[in-house]
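Notes follow once the structure below has been shown.
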Amino acid sequence: MRIRLLRVLLALCIVAPGCLVRSLQPLFTPSDLAVEPRLLGTWRADGDDEAWTVIGSGEKTYEVICRDGNKSTYLEGRLGKVDEILFLDITPKESDDAFTVPAHVFVRLEISGDTLRAGVLKPEWLADGLREKRVQIGHTLVRIGQEPSVVLTAPTEEIRAFLKRVVREENAFSIGEYHRVK
């Protein structure tokens with residue numbers, strides 16, 4: 001099933017928390033962060049009413065606003081490269097729940113003009129790889145909703161090395177196509 005990026009971003013905070021691969025550690029250190037002006041703007045998949053807007057919100061930091069009707073979800077993003085591929089590391093912008101640990105979700109990006117191809121690591125691909133020992137990375141299983149969910153526990157350097165090994169693997173990421181609307 002193709003997962004649309006917006007639905008994935010919304011799932012991070014409100015919809016289906018078990019369908020994302022999360023990490024306790026960020027993908028990038030401050031010295032790894034990049035700026036990409038082409039990412040700024042509002043993006044939407046063809047035929048989709050939902051939209052997400054990327055705004056520069058400081059030095060090498062982005063605010064990502066997901067809008068679905070009257071509901072908005074605010075995320076913070078940091079951009080960098082893994083094996084020359086752009087990734088946006090997103091986290092919830094605010095959490096006032098003392099029992100919530102802010103997790104990182106990594107979004108793979110390819111920008112060409114007003115077209116953005118974006119996607120996240122497929123949780124079923126990762127779970128199968130871990131079970132079959134094709135994939136090795138520090139992780140734990142956490143029950144989020146009804147299903148156990150993989151949460152990466154490896155340090156930043158190991159996560160980047162892992163993504164570098166799998167970034168071009170055909171079935172590792174769900175990829176959707178989005179178009180700039182403004």
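Summary of computed values
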| item | result |
| --- | --- |
| Close pairs (9 angstrom Cβ cut-off, 6 or more residues apart or separate chains): of a type outside the set (Gly, Ala, Ser) in region 44-58, at pLDDT below 85 and surrounded by fewer than 17 Cβ atoms within 10 Å (Cβ to Cβ) anywhere | ASP49/GLY69; GLU50/GLY69; THR53/LYS182 |
| Criterion: farther than 22 Å from GLU94 by Cβ and surrounded by 12 or more Cβ atoms within 10 Å (Cβ to Cβ) - qualifying residue of VAL35, VAL54 | VAL35 |
| Every residue from region 61-90 that is of a type in the set (D, E, K, R), touching a residue at least 60 places away in the same chain (Cβ under 8 Å) and surrounded by 17 or more Cβ atoms within 10 Å (Cβ to Cβ) | ASP68, ASP89 |
| Residues located in region 108-145, provided they are of a type in the set (A, V, I, L, M) and either within 30 Å of HIS179 (Cα to Cα) or touching a Lys or Arg at 6+ places or on another chain (Cβ under 7 Å) (or both) | LEU109, ILE111, LEU116, ALA118, VAL120, LEU121, LEU126 |
| Qualifying residue in region 91-108 (condition: at pLDDT 95 or above, touching a Leu at 6+ places or on another chain (Cβ under 8 Å) and exposed (fewer than 15 other Cβ atoms within 10 Å of the Cβ)) | no |
| ARG160 being basic (Lys, Arg), modelled with pLDDT of 95 or more and not in a strand (DSSP E or B) | yes |
| Qualifying residue in region 23-33 (condition: among the hydrophobic types (A, V, I, L, M, F, W, C), in a loop (DSSP other than H, G, I, E, B) and over 16 Å from the mean Cα position of the chain (by Cα)) | no |
| Qualifying residue in region 144-166 (condition: farther than 22 Å from LYS60 by Cα, touching a residue at least 12 places away in the same chain (Cβ under 8 Å), crowded, with 18+ Cβ neighbours inside 10 Å and out of contact with any strand residue (DSSP E or B) (no Cβ under 6 Å at 6 or more places or on another chain)) | yes |
| Search result, residues across region 172-182 that are within 16 Å of the chain's Cα centre (by Cα) and surrounded by fewer than 18 Cβ atoms within 10 Å (Cβ to Cβ) | ILE175, GLU177 |
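Table: residues versus (1) in a strand (DSSP E or B); (2) in contact with a Gly (Cβ under 9 Å, 6 or more places away or on another chain).
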| site | (1), (2) |
| --- | --- |
| THR53 | yes, yes |
| LYS81 | yes, no |
| ASP89 | yes, yes |
| ALA118 | yes, yes |
| ASP128 | no, no |
| ARG134 | no, no |
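The values are calculated or read from the model by the stated rules, or taken from the named source; none is laboratory data. Nothing here was measured: the structure is a model prediction, and the numbers come from that model. With ideal geometry, Cβ positions are generated from the backbone for all residues, glycine too; neighbour counts draw on all protein chains shown.
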